[in-house]
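Just so you know, all these numbers are worked out from the coordinates, no wet-lab data involved. Everything numeric here is computed off the predicted structure, so don't read it as measured data. Neighbour counts run over all protein chains shown; Cβ positions are idealised from the backbone, glycine included.
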Amino acid sequence: MKKYMLYIPVSLILLNPIDVIAEEVSQQNESTIISEVRVGLSKHDSKEKHEDGFDVNADLYFTSPSNSFFRAIYSPHPIIGVSLHSEGITHQLYAGLAWNIKPTENIFLTIMLGGGIHSGELESDDPDKLRLGSRALFRYAGSIGYRFSDSWNISVILDHMSNASLADSNNGLEKVGIQLGYIF
């Protein structure tokens, strides 16, 4: 199942009409570095249930560079983010690229690909502990949201970080949550 999860964002990006993405990029205010901020809450370790609690997260979306490389890959937004765990076990710092797809005027999809680092367990003999195997992990996430004004939106996000089976332990960390966004 996990290997097929990558097909979803790639398919959405390839099937999305280029003019929708080009329109969004042309409407960006190029005088600002940050194009959007999203903050939210998510259920920590929503799949494996090794760690309790919730996460508070904040994501900064930067204006997509207007160079030919970024245009060739459908003008994604560079993103950095942080996720702080309420139980203090597995905090995360991550970065990557985010594609915003707008099937309608108010509904949007966001696909994020990148990587991150975390403060959680790498290895453990305790089968009840989350074991992530390596400090650096791959990250992909997706959200669906509703834009209720020119500046404000709300979205549901699904987030996954793992080492892609490059280390012996690879529980992976899934989160599901909600974010409030402000577009500059």
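A few notes on this one:
- Radius 11 Å from Cβ of Ser42, net charge of other residues (Lys, Arg +1; Asp, Glu -1): -2
- Straight-line cross-link reach from Lys102 at under 17 Å between alpha-carbon atoms covers these aspartates and glutamates, not counting any fewer than eight positions away in the same chain: Asp19, Glu23, Glu24, Glu36, Asp150.
- The simple spin-label model puts a point 7 Å past each Cα toward its Cβ; for Val156 and Lys47 those points are separated by 1.7 nm.
- In this simple spin-label model, placing a label point 7 Å from the Cα along the Cα-to-Cβ direction at both Glu123 and Asn67 gives a separation of 4.0 nm.
- Long-range amide H partners of Ile34 with built H, under 5 Å: Thr63
- Theoretical FRET efficiency, 1/(1+(r/R0)^6), r = Cβ-Cβ of Ile33 and Ile178, R0 30 Å, to 0.05: 0.70
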